[in-house]
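Q: One structure, as structure tokens, below. Some questions next.
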Amino acid sequence: MSTTSARLTRSLCALALLASLGGCALWSAEKAKPLDLGPNVALLQVQKAWTAKIEPVARLPLAVLVRGNTVTFAGADGSLQALNAESGAALWQVKIGQPLTAGIGGDERRQAVVTQSNEVVLLEQGREVWRKRLPAASYTPPLVAGGRVFVLSADRALTAFDADSGQQLWVQQRTGESLVLRQAGVLTAVGNTLVAGLSGRLVGLNPDNGAVLWEAPLASPRGTNDVERLVDLVGTTSRDGAQLCARAFQASVGCVDTASARLLWAQPARGAEGVGGDAQSVVGAESNGTVIAWRRADGSRLWSTDRLQHRKLTAPLLLGRSVVVGDDYGLVHLLSKEDGSPLNRLTTDDSGIAAAPVVAADTLVIVTRRGGVYGFRPD
């Protein structure tokens, strides 16, 4: 076995453990009993507008794709389904034919996923256009933008394909780390710059040729072994103009000015999921379920609440005056953006919320691991 293959094998074996436990720091949280929530007092009236069913998501690193009034989901078995967010009606459905490791990314008309066979598959409104082999697994939904498909793989390679033909355009390889997380990383566009999370850094690249334009560190490796030194950025991110805020796994939350490539601030934070935010604040959940809000301008803490401790929370969504976060018990919590106090609590099934909440067509859309999709609207 080659050195590269051996390194990747060690990575993937260790990552299976990291993915199932959410990191060594989460072992105690797995066994801890959640706090009693008490009776729900609905200060913000929200009603269930519709429900739908997709294939079970299981432990797929799911990102719900929102484009206009359409929301698209990927099941762990390779099923893709698009729904109308206004009504919950199915628009199209297709099966890739293989289980997935990453899904789903796309633009207004194209969707991309990655299979367990390490193939990136591009579809147009549910019709397969092409598929291409990758050198390693990928757990981050592909980014489809500017007529290209960008894939971040587990060997820390960033690859660009032509969206029309599938031709490989360039590869940017980052080496040196033997472990990566088996969950979605950071891959997005800010203006004309491609931005990826590589190790503990946000890296800006030229999307035409893959040239690195700038790097901004959010966290640095520490410790004496590969697991302790693991530093990865995890999605979701929060963007306001040129400012992009992200989480470094179990290390910190910080914001970068992508126009000047300057780290604006970084605060210690022990979380495993991404962040949400708006123009005023950035919000994230710690691994123990404590929800923290930071001032976007300078990173000072606005508030924190431990009411949701040990519930394995999703990345938050800031919606109106609420912070919306799902938990592993199938509950969706609406917290006040001002102080974290509870505004309402919504129920789904008991299989756990599978992805960060999203909003489309003035509808809050929630997907569970069992494949339940719920649309909620203000009353």
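The values are calculated or read from the model by the stated rules, or taken from the named source; none is laboratory data. Just so it is clear, the structure is predicted and the values come from calculations on it, not from any experiment. Virtual Cβ from ideal backbone geometry, glycine too; neighbours counted across all protein chains shown.
Q: Can you list residue pairs whose Cβ atoms sit under 7 Å apart, with the first residue in segment 186-208 being on the phi < 0 side of the Ramachandran plot and the second being of a type in the set (K, R) and modelled with pLDDT under 95? Count only pairs 6 or more apart in sequence or on different chains.
A: The qualifying pairs are L198/R156; L198/R174.
Q: Quick check on my filter: what residues within segment 278-291 are farther than 17 Å from H333 by Cβ and touching a Ser or Thr at 6+ places or on another chain (Cβ under 7 Å)?
A: Within segment 278-291, V282 is the sole residue that qualifies.
Q: Count, please, the residues in segment 84-112 that happen to be within 16 Å of L134 (Cα to Cα) and either at pLDDT below 95 or more than 21 Å from the chain's Cα centre (by Cα) (or both).
A: Final tally of qualifying residues: 6.
Q: Ok, one more. Starting from residues that are aliphatic (A, V, I, L, M) and modelled with pLDDT under 90, keep the ones in segment 176-197 and report whichever is surrounded by the fewest Cβ atoms within 10 Å (Cβ to Cβ).
A: So the residue we want is L179.
Q: Quick one: in segment 33-68, which of the residues that are out of contact with any Asp or Glu (no Cβ under 8 Å at 6 or more places or on another chain) and on the phi > 0 side of the Ramachandran plot is surrounded by the most Cβ atoms within 10 Å (Cβ to Cβ)?
A: Here the answer is A58.
Q: Any idea which of V256, V231 is crowded, with 21+ Cβ neighbours inside 10 Å and part of a strand (DSSP E or B)?
A: V256
Q: Working only within segment 46-82, note down all residues that are modelled with pLDDT of 95 or more and either more than 19 Å from V144 (Cβ to Cβ) or in contact with a helix residue (DSSP H, G or I) (Cβ under 8 Å, 6 or more places away or on another chain) (or both).
A: Residues satisfying the conditions are V46, Q47, K48, A49, W50, T51, A52.
Q: Counting just the residues of segment 275-290 that are β-branched (V, I, T) and out of contact with any Leu (no Cβ under 7 Å at 6 or more places or on another chain), which one comes out surrounded by the most Cβ atoms within 10 Å (Cβ to Cβ)?
A: Taking the candidates together, the pick is V282.
Q: Take segment 87-109 and flag every residue that is part of a strand (DSSP E or B) and crowded, with 20+ Cβ neighbours inside 10 Å.
A: L100, T101, A102, G103, I104, G105, G106
Q: Do the conditions hold for L158, that is, is it crowded, with 19+ Cβ neighbours inside 10 Å, part of a loop (DSSP other than H, G, I, E, B) and touching a residue at least 40 places away in the same chain (Cβ under 8 Å)?
A: It is false that L158 is crowded, with 19+ Cβ neighbours inside 10 Å, part of a loop (DSSP other than H, G, I, E, B) and touching a residue at least 40 places away in the same chain (Cβ under 8 Å).
Q: Still on this structure: Among the residues of segment 312-332, is there at least one that is over 22 Å from G235 (Cα atoms), among the hydroxyl-bearing types (S, T, Y) and over 19 Å from the mean Cα position of the chain (by Cα)?
A: There is no residue in segment 312-332 that is over 22 Å from G235 (Cα atoms), among the hydroxyl-bearing types (S, T, Y) and over 19 Å from the mean Cα position of the chain (by Cα).
Q: Considering A293, A315, A272, A360, which residue is at pLDDT below 95, buried (at least 17 other Cβ atoms within 10 Å of the Cβ) and not acidic (D, E)?
A: Residue meeting the stated conditions: A272.
Q: Another one. Here are some conditions: (1) in a loop (DSSP other than H, G, I, E, B); (2) farther than 24 Å from S165 by Cβ; (3) within 23 Å of the chain's Cα centre (by Cα). Q81 meets all but one. Which one does it not meet?
A: So the condition that Q81 fails would be (1).
Q: Would you mention how many residues in segment 329-379 are in contact with a Phe, Trp or Tyr (Cβ under 8 Å, 6 or more places away or on another chain), among the small types (G, A, S) and assigned to a strand (DSSP E or B)?
A: Result for segment 329-379: 1.
Residues checked against (1) over 17 Å from Q173 (Cβ atoms); (2) small (G, A, S):
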{"site": "Q116", "(1), (2)": "yes, no"}
{"site": "V120", "(1), (2)": "no, no"}
{"site": "A136", "(1), (2)": "no, yes"}
{"site": "P142", "(1), (2)": "yes, no"}
{"site": "R148", "(1), (2)": "yes, no"}
{"site": "L152", "(1), (2)": "no, no"}
{"site": "A157", "(1), (2)": "no, yes"}
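Q: State whether the residues of segment 133-148 include one that is on the phi > 0 side of the Ramachandran plot and not aliphatic (A, V, I, L, M).
A: Checked segment 133-148: at least one residue is on the phi > 0 side of the Ramachandran plot and not aliphatic (A, V, I, L, M).
Q: Picking from L331, L319, L313, L364, which residue would you name as being farther than 28 Å from E108 by Cβ, touching a Leu at 6+ places or on another chain (Cβ under 8 Å) and not acidic (D, E)?
A: Exactly one residue qualifies, and that residue is L331.
Q: Sticking with this structure for a sec: Would you point out which residue out of V114, V71 is without any contact (Cβ under 8 Å) to a residue 40 or more places away in the chain, among the β-branched types (V, I, T), assigned to a strand (DSSP E or B) and crowded, with 18+ Cβ neighbours inside 10 Å?
A: V114
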